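Throughout, read-outs are computed from the coordinates displayed, never taken from laboratory work. Just so it is clear, the structure is predicted and the values come from calculations on it, not from any experiment. Note that we place each Cβ from the backbone using ideal geometry, even for glycine, and neighbour counts take in every protein chain shown.
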Amino acid sequence: MHHFIVIGNPISHSKSPQIHTAFAQSLGLDISYQRQFCPDNKESFNAVVEAFFHGGGTGANITLPFKEHAFRLCQSLSDNAKTAKAVNTLMLKDGKLHGDNTDGQGLVGDLLTKGVKLQGASVAILGAGGATRGAVLPLLNAGANLTIFNRTLAKAQELISDFDAHLPHGQSIHALPLSAENLTGYFDVIINATSASTTGQTLPLATSDVVCGTAYDMMYGKQSQFLEHFKAQNAQCFDGFGMLIGQAKLSFEQWTGESVDLSKVDLSGIL
Ligand code: NDP
């Protein structure tokens, strides 16, 4: 039997145990997947991780606020984790703690599954936090040209400078301040990766003239001012539930070596 945990603070809201249990049921696997609360300090986090793997645990997901701590703790990292500077998936590889970041690949996989073309597409990302950091390399690898809009411009500029070395030939990445004046013109895809709506704040969309073919809000399970705005323009609109499932699927597959067929997974009742 495989043992998994998700470590976070807070953690009671996490849907990961239900999602991974649904994956396991679709494959007839026996697993245990628990939520693990951890005090918000590095020493406690390190102790939880060490005890879990020392005790025979197979894999751990990491959520807020520990993704950067996990990154620093790992002895080996995937390319996505290296460029994201954050880890959401831990496992042992050759006895060493290995970290990956599956958030961005989960996003890209979801967009492609939904038929959204990324090769050569102009993609705007609102926000330059951890979720954007995880998404940039997978979006560039899928062939997108990126413009990152952030309230704090310096943060977006710092982020894009980290990706200079990874910019594929002929593709572009730019940073702009997030304001109605800058949000202008047409984008094939606009992604909301800010936490504005989770805290009841609004984005400067009403007075901007930006238009898009596809609008994607990484947030899920809540009403979205961002999606309402673009629905009114007849753009195709998606929330981040598919990204959540996608990142979980990629963690599960690495841990178990099995391949999850989402058409065989019962995800009803998870939200
Ligand atoms: P962070 O806290 O790392 O970053 C938050 C970002 O939001 C920053 O760029 C911040 O700008 C911006 N922001 C916050 N408030 C406002 C505002 N009022 N106006 C404009 N910009 C604002 O968060 P994450 O990157 O971790 O998460 C972002 C979103 O993505 C959340 O809604 C989260 O739930 C979702 N998410 C979804 C996942 C999924 O699987 N579907 C996975 C991961 C995240 P500034 O730099 O100026 O402070």
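Numbers at a glance
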quantity	calculated
Interchain or long-range residues, amide H under 5 Å from Leu176's placed H	Ile148, Phe149, Asn150
Beta bridge orientation in the chain: antiparallel %, DSSP, nearest 5	20 percent
Derived scalar couplings ³J(HN,Hα) [the range 69-76; Karplus, 6.51 cos²θ - 1.76 cosθ + 1.60; whole Hz; x for Gly, Pro]	4, 4, 4, 6, 7, 5, 9, 8
Amide H contacts under 5 Å for Phe187, placed H, 5+ residues apart	Val211, Cys212, Gly213
Listed pairs Lys15/Lys222; Lys15/Lys67; Lys114/Lys231; Lys85/Lys249; Lys15/Lys82 exceeding 19 Å between Cα atoms	Lys85/Lys249; Lys15/Lys82
Long-range HN-HN contacts of Tyr33 with modeled amide H, under 5 Å	Phe4
Per-residue Cβ neighbour rank within 10 angstrom, fewest leading, Tyr216, Tyr186, Tyr33	Tyr186, Tyr33, Tyr216
In nm, spacing of pseudo-spin labels at Ser179 and Asp40 (7 Å Cα→C-beta vector)	3.1 nm
Neighbour net charge for Asn150 - beta-carbon separation under 13 angstrom, K R +1, D E -1	+2
Contour excess over end-to-end distance, with Cα ends at Lys264 and Leu64 and 0.36 nm allotted per residue	69.0 nm
Whole-number percent relative contact order across the chain, with pairs defined as alpha carbons under 8 Å at least 6 apart	17 percent
Debye log10 I(q)/I(0) for the chain, one point scatterer per Cα, at q = 0.08, 0.09 Å⁻¹	-0.32, -0.41
Environment charge at Leu27 (Cβ cut-off 14 Å; Lys +1, Arg +1, Asp -1, Glu -1)	-3
Theoretical ellipticity at 222 nm over the chain - DSSP helices of four or more residues, -39500 (n - 2.57) apiece, nearest 500	-10500 deg cm²/dmol
Most to least packed among 72-79, 158-165 [average Cβ atoms within 10 Å]	72-79, 158-165
Burial ranking of peptide ranges 225-237, 97-109, 80-92 (average Cβ count within 10 Å, highest at the top)	97-109, 80-92, 225-237
Convex hull projection area averaged over all views, the range 207-271, Cα basis, nm²	5.9 nm²
Average projected area [Cα convex hull, the range 139-271], square nanometres	10.3 nm²
Using θ = phi - 60° and Karplus 6.51 cos²θ - 1.76 cosθ + 1.60, couplings along the range 31-38 (whole Hz; Gly, Pro as x)	10, 10, 9, 10, 7, 10, 5, 9
